[in-house]
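Trainee: This is the structure, below, for whatever I ask next.
Just so it is clear, none of the values below were taken in a lab; they were calculated from the coordinates. As the structure is a computational prediction, the values presented were derived from the model and not from experiment. As a convention, Cβ positions derive from the backbone with ideal geometry for all residues, glycine included, and neighbour counts pool all protein chains shown.
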Amino acid sequence: MKKISLIGILLCLCSCGSQLYFPIENSGTITLENLTLGRKIYVTNCSNCHQLYSPNKYNSVEWQKNLNWMQRKAKITDDQKNLIFDYLINAPK
């Protein structure tokens, strides 16, 4: 039973992660390194408690509000929150 549950969780995480874009170049003043780090933090921290949302699900104002609200629960720093935000709002439309 534990194996089935673990497999189900892994499949869910893999399917959610596949909907997220992988940064391949700088976006304005945001470096590829920071976009990639923002994605890694988003996937690693946020998926611990809930499904991952497509970056295009919300606009920048809504993402900022969501990240501000979740920051304490997720135990992320201001710098980590900003990296996640930069990753989310620079998604291809």
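Trainee: Can you tell me which of 23-31, 81-89 comes out highest on packing, and rank the rest after it, using the mean Cβ neighbours within 10 Å?
Mentor: 81-89, 23-31
Trainee: Please list the three semi-axes, largest first and in whole Å, of the ellipsoid equivalent to the range 21-92, using sqrt of 5 times the eigenvalues of its alpha carbon gyration tensor.
Mentor: They are 18, 13, 12 Å, listed largest first.
Trainee: What residue among Pro92, Ser54, Ser27 has its Cα farthest toward the positive end of the dipole of the range 26-93, where the charges are +1 on Lys, Arg and -1 on Asp, Glu, each on the Cβ?
Mentor: Checking the options against the dipole of the range 26-93, the answer is Ser54.
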